[in-house]
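Below is one structure, written out as structure tokens, with a few remarks after it.
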Amino acid sequence: YCPITTHYYLFTKTEKKAMKPIPFKVTEKEDASFHVQVNRQQHQYHYFHYHPEYQISLIIEGQGIATIGHIMDPFAPNDIYIIGSQVPHVFKNDEEHGAADAYHTHSHIISLFFREDAFGKGFFNLPEMYAVRQFMEDCSKGVKLHRPLAERIRPLILELVRLSGAVRIIQLLQVLHKTALSHEKRFLSPVPYSAETKKNRSSRLNRILHYISENFDRPISLEEAAK
């Protein structure tokens with residue numbers, strides 16, 4: 001049950017297994033400091049996964065549920081998500097859950113992947129990058145842009161697909177800078193989350209959130225959660 005969208009889903013054993021985060025290798029190019037990936041297919045990579053790169057994803061076509069960390073959020077065309085390093089996530093299209101128009105629904109997503117040291121070790125620690133740095137630290141909560149900001153950022157991402165050279169880096173920094181300074185965004189989770197979270201669960205809240213994320217496909221009683 002997804003309390004945010006009031007939708008119920010029946011998951012197969014394969015899908016349940018897919019909700020355990022697995023490491024993912026992002027394609028790298030020797031002549032580029034970060035990767036721009038255009039995915040246009042019937043549905044996206046359907047395993048709950050994580051990687052060291054930060055990810056900025058623009059939904060061009062398709063709709064469904066984005067699971068980011070412990071949070072499930074409905075996505076639709078023109079939505080933009082920013083996912084922190086090592087944060088487990090997956091975008092599942094509606095047709096994967098038996099939507100009536102399964103054969104007519106396609107998924108088209110443009111994603112930017114970059115590492116913290118993509119532009120040199122310590123780059124984001126420069127005084128001029130303070131606001132961006134603070135924002136990047138909060139990306140471990142998962143970020144979704146409000147529609148007005150998404151409409152301003154969308155053309156920058158679309159243009160990045162065809163850019164090369166130094167202007168490519170400048171464009172990505174523009175995306176990060178404008179997003180960091182804007183209040184037109186929503187942090188999906190009140191607490192940070194990453195694949196490393198499972199190694200240290202001293203926080204009672206983290207333990208509860210973890211339990212819910214591992215058992216979200218069945219009813220959980222208050223008594224059971226309290227134990």
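The values are calculated or read from the model by the stated rules, or taken from the named source; none is laboratory data. Please read all numbers here as calculations on a predicted model, not as lab measurements. Ideal geometry is used to build each Cβ from the backbone, glycine not excepted, and the neighbour counts take in all protein chains shown. We work out accessible area using only protein heavy atoms, side chains counted, and drop any ligands, DNA or RNA first. Shrake-Rupley method; radii C 1.70, N 1.55, O 1.52, S 1.80 Å.
Once all protein chains are placed together, Tyr47 keeps about 80 Å² accessible to a 1.4 angstrom probe.
Using the Cβ of Glu28 as centre and a radius below 11 Å, the other residues enclosed give a net charge of 0, where K and R count +1 and D and E count -1.
The slack between Glu214 and Tyr130, meaning 0.36 nm per residue of separation minus the straight C-alpha distance, is 26.7 nm. Here the range 138-191 has 57 percent of its accessible surface on carbon and sulfur atoms, given a 1.4 Å probe and all protein chains in place. Charge tally for His146 (other residues, Cβ to Cβ under 14 Å; Lys, Arg +1; Asp, Glu -1): +3. Using a simple spin-label model with pseudo-atoms 7 Å out from Cα toward Cβ, His146 and Glu61 lie 3.1 nm apart. When peptides 119-128, 57-66, 148-157 are ranked by their average number of other Cβ atoms within 10 Å per residue, the highest-first order is 57-66, 148-157, 119-128.
In a fully extended conformation the segment linking Lys227 and Arg115 would gain 36.4 nm over its present Cα-Cα distance, using 0.36 nm per residue. In the structure displayed, which of Lys29/Lys178; Lys25/Lys178; Lys141/Lys178; Lys25/Lys92 lie more than 24 Å apart, Cα to Cα? As for pairs spanning more than 24 Å Cα to Cα, those are Lys29/Lys178; Lys25/Lys178. Taking label positions 7 Å along the Cα-Cβ direction at both Asn78 and Arg207, the computed distance is 4.5 nm, reported to one decimal.
Over all directions, how big on average is the projection of the convex hull of the alpha-carbon atoms in the range 52-174, in square nanometres? Don't jump to the answer; show the numbers that get you there.
On the way: hull surface 33.3 nm².
Mean projected area for the range 52-174: 8.3 nm², to one decimal.
Rounded to the nearest 0.05, what FRET efficiency do Gln174 and Tyr47 give with R0 = 30 Å and r taken as the Cβ-Cβ distance? Could you check? Efficiency at R0 = 30 Å is approximately 0.40.
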